[in-house]
Amino acid sequence: MAPQAPSGPAPGGLCFLSGAALPERKSFPLTDLYVALATVLWGSDYLFAKIALREVSPVSFAAIRTLISTAAMLPFFLRREPDWRVKPRHLAALLGLALLGTFANRIFWAAGMNLTTASNASLLSTTSPIFVLIVSFFLLRASVTWQAALGIFVSFLGVTLVIQGDWLEWARGGGNVWGDLCMLLASLTWAFFTVLAKFLMKEYSSLKVTAYIMVIGSLLFLPFLGNDHPGGWSGVSTLGWLSVLYVAFTGNLMAYLLWMHGIQHIGPVRTIFYSYLTPVTAILLAVPFLNETLTPAQIGGALVVFVGVFLARS
């Protein structure tokens with residue numbers, strides 16, 4: 001869940017996406033190691049999500065992951081944020097952001113992971129910064145330089161290369177095209193969420209907004225928890241449960257804290273470049289453990305996407 005990126009590490013949290021100015025500090029190798037570890041943990045989430053989704057439905061997986069990560073992070077939030085009050089007129093906005101950034105985003109992500117390969121999912125998740133640029137342009141009238149526009153164009157050429165094999169297979173009656181589309185929708189919903197959340201960041205800290213959105217998102221998932229498991233949870237193996245717990249704790253707690261530590265000490269610009277390690281890690285784990293294969297088109301498309309994202313961020 002980036003993210004998150006990450007997705008980029010979009011599943012991590014809001015603080016590093018809020019646009020808040022953070023001081024650049026003198027770097028030291030240990031912090032770089034922490035940030036690299038965060039992206040590796042996010043990359044490994046793709047492997048364990050695929051394992052969990054063999055036994056747990058996408059909706060239940062998204063619900064359990066959200067509930068566990070929220071419960072784990074609340075003590076951290078409570079210690080760091082002294083004032084939890086929000087203005088009543090902002091409750092509707094928080095609900096909308098929770099629907100978009102937690103509920104819809106995580107269902108699309110889980111559905112995509114269930115229907116496509118971990119390699120494709122991780123590569124397509126790198127489009128989140130591109131979608132953020134596009135949404136910012138249309139909603140905020142943000143200026144887009146020619147270099148950013150070129151980066152957007154190049155990135156989508158790369159996406160086309162990554163998924164073209166699935167489109168051809170789909171035309172023959174197979175392929176993972178619906179999973180690819182779900183992953184792109186996950187990136188798109190995260191982009192809308194990221195841009196719209198900035199309006200509330202003017203009133204509250206990113207920590208408070210994150211906490212409210214996670215709690216509301218957890219409540220939204222409660223009615224759906226277990227409804228698609230009529231046989232109960234006893235059929236889920238120990239490995240299945242451990243995989244769910246791994247994704248909930250590593251991606252949404254450990255990696256988030258390591259990533260935020262990196263932003264605080266080496267700054268957001270240097271930190272964000274480590275996000276390229278996430279799909280690399282996912283692919284390196286998916287090929288041997290999930291028996292996935294990469295085509296030359298996917299490898300070339302991944303490189304093109306990376307170049308496009310680099311141009312757009314420059």
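Just want the answer: with Cβ charges of +1 for Lys and Arg and -1 for Asp and Glu, which residue in 146, 241, 176 is farthest toward the dipole's positive end in segment 25-313?
Result: 146, furthest along the dipole toward the positive end.
Only Cα pairs under 8 Å and at least 6 apart count here; give the relative contact order of segment 25-313 as a rounded whole percent.
45 percent
With labels modelled as points extended 7 Å from the Cα through the Cβ direction, what inter-label distance (nm, one decimal) is found for residue 222 paired with residue 90?
So the label points at residue 222 and residue 90 sit 2.3 nm apart.
Among residues other than residue 282 whose Cβ falls under 11 Å from its Cβ, what is the net charge (Lys/Arg +1, Asp/Glu -1)?
So the surrounding residues net to -1.
Which FRET efficiency value, to the nearest 0.05, is calculated for residue 241 and residue 153 with the Förster distance at 51 angstrom and r the Cβ-Cβ distance?
E(calc), rounded to 0.05, equals 0.70.
Once you order the gyration tensor axes a ≥ b ≥ c over the Cα atoms, which shape class does segment 25-313 get: rounded for a/c under 1.5, otherwise prolate or oblate by comparing a/b with b/c?
rounded
For segment 108-122 and segment 62-102, write down the distance between their C-alpha centroids in whole Å.
25 Å
Please say if segment 55-182 is rounded, prolate or oblate, where rounded means a/c under 1.5 for a ≥ b ≥ c the square roots of the C-alpha gyration tensor eigenvalues, and otherwise the choice is prolate for a/b larger than b/c and oblate otherwise?
It is oblate, given that a/c is not under 1.5 and a/b is not larger than b/c.
Grab the other residues whose beta carbon is less than 14 angstrom from that of residue 74, score K and R as +1, D and E as -1, and report the net.
+2
For a quick protection proxy, order the peptides 49-55, 85-91, 69-75, 128-134 by their average other-Cβ count within 10 Å, most packed first.
128-134, 49-55, 69-75, 85-91
A short reminder: the numbers here are calculations on the coordinates, not readings from a lab. Everything numeric here is computed off the predicted structure, so don't read it as measured data. Cβ coordinates were reconstructed from backbone atoms using ideal geometry, including for glycine residues, and neighbour counts include every protein chain displayed.
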